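What follows is a single structure, written as structure tokens, with notes after it.
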Amino acid sequence: MRSILALACSLACALLFMPLGLTATPHPAAAAGPLTNTVYLPNITKMLGGGDGWQTPFIVQNVGSVATDLTMDFFSFADGSLVKTRSVTGLAPGTSVFHDPNSDPGLGTTGQFSVVVKSFGAPVVSVVNEHQNVTNSARQEALSYLGLTSGSTRVFLPYAAKNAAGWLTTFIIQNLGGAPTNVTAQFKSLDGTQTVSVPRTIAPGRSQFIDPTVEPSLVAGLEYSVSLTADQPIGVVANAHNDAPGTPAPKGFSYNGIPAPSWATSFMPYVQKNVNGATTRLIIQNAGTTTRSPTVRFRLAAQFATPIIVNGPDLAPGASWSYDPASNGAIADGEYGVTFAGGPWAAVAASLGPTTAAGSSSTALQVTTLYFPNVTRTLGGANGWTTPLAIQTTGADSATLKWYRFSDGALVFSQVLIFNDFGQTFRIDPRQIPDLTDNTQYAVVATSGSGGMAGLVTELNFSGGDGAMNYEGVPPPPGVFGVPSCGPSQAPLGTTFQCVFYGFPPGGTIASISVMRPGGSSTLDTTLFRIGADGTLVVPYPTFFASQVGLLTMTATVGAQAQTIQFTVTPQSFPITITESKWGSLAANTRPGIACSAAVVLPNGQLLSDNAGLSPRVTNAQGNVQWIYTKQANTTGTGTHVVECTSGAESPAASASFTAP
């Protein structure tokens with residue numbers, strides 16, 4: 001409701017190692033229709049290090065509404081050559097295809113590859129699982145990362161290590177552009193004593209790695225933050241390992257490099273303190289262009305809780321600060337949603353236990369749709385893979401989760417989450433949902449109201465060893481890097497449009513962001529926006545009222561430079577009717593079983609504060625919803641009631657006047 005109040009005032013499937021019956025193709029295969037989107041997988045391996053070495057099965061899911069054709073090009077790490085292409089035709093909406101390199105005769109044993117997945121017809125997303133020692137449960141390691149649907153010319157890695165307390169971090173850089181790129185990785189030690197640059201040159205679609213053990217300029221025993229700069233968009237995956245020979249409990253975690261954020265606040269959906277023996281270490285990196293200090297807010301994953309605030313030190317651009325919640329007695333044991341204010345920030349959460357490790361990356365996006373391609377409940381038996389989700393509000397008052405069964409695509413379960421505090425997280429364990437069944441795999445789609453959400457999946461295996469890994473919820477694929485656009489380009493009223501500008505001076509001052517619409521114009525508050533270190537500006541623009549329907553033009557001005565983007569808002573897809581509007585009470589009718597929020601604009605233009613009386617609520621079977629709130633004393637005149645209701649990722653609003661007293 002935070003957005004509407006402002007307006008009112010003014011895979012992953014490492015679990016199924018099935019033979020695929022694949023054959024190698026020496027040339028990229030053609031696919032029918034125009035290219036819809038591309039997904040990049042920087043690190044795919046087959047028995048790397050031996051028969052029980054690193055293997056990386058992955059899943060590609062069609063998240064569109066029509067069938068799509070796929071090509072998967074595998075490029076060798078060794079020389080960049082195209083090793084094979086796999087083609088898939090007619091992948092139905094909501095369904096997935098698995099690829100297990102270990103079962104693919106077209107890939108050489110002990111091979112390492114970069115993969116480019118192209119979809120022709122509908123958008124797709126992907127999750128990769130990285131496994132080692134799967135036949136030895138006591139020494140297994142499990143890591144996971146997201147396939148990359150977009151990149152940046154500036155990418156941040158808050159954490160890297162060269163044999164520091166047993167940890168070593170290697171990372172893989174993939175060129176997501178159309179021309180060769182020169183990449184510079186600048187390492188800054190967390191203790192502030194070392195700054196080192198490491199260069200790489202990478203062909204389009206190919207990957208190169210940086211291994212600190214073979215970089216003599218990097219000092220052993222130190223931890224680093226890394227800032228990568230390129231002249232083409234790149235994507236990065238970091239793999240952190242504590243598994244040297246003789247290590248009694250080998251473990252590791254993976255995380256995606258963070259493209260330059262352009263928002264003052266970043267989000268981490270799940271942080272734990274002493275949960276099943278594990279605590280999350282936070283490493284926070286300045287992803288901006290000037291010195292700044294983070295404000296870290298820990299919000300316990302409970303319905304009502306008082307946040308704990310931690311203020312960090314001043315950090316130079318590219319520098320990182322490490323914070324361990326175990327050092328703060330005011331932070332109780334439990335599960336948290338965390339926010340980082342005063343940014344832009346890039347952060348990594350490393351959840352470390354005696355035998356397990358899992359990592360995740362922060363996000364500064366406020367998206368209203370997230371895909372979770374691989375969610376399971378005791379897959380493989382009671383100790384098999386189970387994958388709890390964490391959903392954090394980045395401003396939305398509600399989120400809806402829909403659970404689709406892998407085997408037939410059937411919708412099995414829907415649930416609505418109601419948030420009552422900024423940054424709050426819900427933790428959902430599939431084992432606690434009676435409608436879900438054991439030994440079953442699901443795809444989950446989460447949608448939210450305006451203000452958006454962030455999400456995270458923790459994949460857990462209880463058979464021993466490092467059976468823990470994380471991956472983040474996947475937003476809809478964005479547009480092409482460097483081409484200003486809004487996504488979607490056309491959608492119904494109630495949609496939050498993600499508008500992205502490129503080519504502004506990094507760290508520049510935003511003079512104004514305005515939107516011209518058929519019913520007039522408006523100017524957005526620029527205080528929370530930042531020009532990213534790569535020159536990007538991301539503007540989430542929610543739409544609520546009929547005056548916003550039509551062709552809209554957004555203009556962003558930085559200094560003397562102005563850019564415009566156009567997008568189209570069509571009429572809302574479902575009605576909201578205010579059936580009662582009286583001083584002290586408000587009722588509305590809309591779709592049944594959806595979340596609605598209310599606001600009261602007093603005659604003096606201020607908002608009524610009554611968190612209990614105006615809390616979000618879900619409509620009944622007839623679509624009705626009502627609020628009875630405390631009347632503010634000495635109020636006279638005409639005010640306005642506003643109701644916002646969320647169905648899917650659409651949150652239109654209706655308003656009606658009232659007279660007080």
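The values are calculated or read from the model by the stated rules, or taken from the named source; none is laboratory data. No experiment lies behind these values; they were computed from the predicted model shown. Here Cβ is always computed from backbone atoms with ideal geometry, including for glycine, and neighbour counts include all displayed protein chains.
At-a-glance table
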quantity	calculated
Residue list for the range 497-521, restricted to those being within 16 Å of Thr553 (Cβ to Cβ) and surrounded by fewer than 17 Cβ atoms within 10 Å (Cβ to Cβ)	Ser512, Ser514, Met516, Pro518, Gly519, Gly520, Ser521
Subset of the range 423-435 (residues that are surrounded by fewer than 19 Cβ atoms within 10 Å (Cβ to Cβ) and assigned to a loop (DSSP other than H, G, I, E, B))	Asp429, Ile433, Pro434, Asp435
Evaluation of Thr85 against (1) of a type outside the set (Gly, Ala, Ser); (2) under 18 Å from Asn175 (Cβ atoms); (3) more than 25 Å from the chain's Cα centre (by Cα) (one fails), failing number	(2)
Wholly within the range 298-380, strands (runs of 3 or more DSSP E) carrying at least 2 residues that are hydrophobic (A, V, I, L, M, F, W, C) and either modelled with pLDDT of 95 or more or buried (at least 24 other Cβ atoms within 10 Å of the Cβ) (or both)	308-311, 334-341, 345-352, 357-361, 369-377
Subset of the range 501-544 [polar (S, T, N, Q) and more than 25 Å from the chain's Cα centre (by Cα)]	Thr509, Ser512, Ser514, Ser521, Ser522, Thr523
Test: residue in the range 512-525 that is assigned to a loop (DSSP other than H, G, I, E, B) and among the small types (Gly, Ala, Ser)	yes
Some residue of the range 552-570 being surrounded by fewer than 18 Cβ atoms within 10 Å (Cβ to Cβ), more than 30 Å from Thr509 (Cα to Cα) and either touching a strand residue (DSSP E or B) at 6+ places or on another chain (Cβ under 6 Å) or at pLDDT below 95 (or both)	yes
Exclusive hit being assigned by TED's automatic domain parsing to the domain that holds Leu82, touching a Lys or Arg at 6+ places or on another chain (Cβ under 8 Å) and surrounded by 18 or more Cβ atoms within 10 Å (Cβ to Cβ), set Ala185, Ala260	Ala260
Every residue from the range 535-578 that is in a loop (DSSP other than H, G, I, E, B) and not β-branched (Val, Ile, Thr)	Gly535, Phe544, Phe545, Gly559, Ala560, Pro571, Gln572, Ser573, Phe574, Pro575
Residue in the range 447-459 that is surrounded by fewer than 17 Cβ atoms within 10 Å (Cβ to Cβ), among the aliphatic types (A, V, I, L, M), assigned to a strand (DSSP E or B) and assigned by TED's automatic domain parsing to the domain that holds Leu35 present	no
Any pair with Cβ under 6 angstrom, 6 or more apart, that starts in the range 516-527 at a residue that is within 15 Å of Val549 (Cβ to Cβ) and hydrophobic (A, V, I, L, M, F, W, C) and ends at one that is modelled with pLDDT of 95 or more and part of a strand (DSSP E or B)	Met516/Thr553
Unique residue being assigned to a loop (DSSP other than H, G, I, E, B) and either modelled with pLDDT under 95 or within 14 Å of Phe481 (Cα to Cα) (or both) when the list is Gly532, Gly494	Gly532
Residue selected from the range 381-410 under the condition among the hydroxyl-bearing types (Ser, Thr, Tyr) and modelled with pLDDT of 95 or more, by the criterion surrounded by the most Cβ atoms within 10 Å (Cβ to Cβ)	Thr393
Subset of the range 607-637 [farther than 24 Å from Thr400 by Cα, modelled with pLDDT under 95, loosely packed, with under 13 Cβ neighbours inside 10 Å and not hydroxyl-bearing (Ser, Thr, Tyr)]	Ala633, Asn634
Out of Asn604, Asn611, Asn634, sole residue that is under 26 Å from Thr495 (Cα atoms), part of a loop (DSSP other than H, G, I, E, B) and not assigned by TED's automatic domain parsing to the domain that holds Cys499	Asn611
Subset of the range 264-297 that is β-branched (Val, Ile, Thr) and not in a strand (DSSP E or B) - its residue that is surrounded by the most Cβ atoms within 10 Å (Cβ to Cβ)	Thr265
Filter result (of a type in the set (Val, Ile, Thr), in contact with a strand residue (DSSP E or B) (Cβ under 7 Å, 6 or more places away or on another chain) and not in a strand (DSSP E or B)) within the range 163-215	Thr213
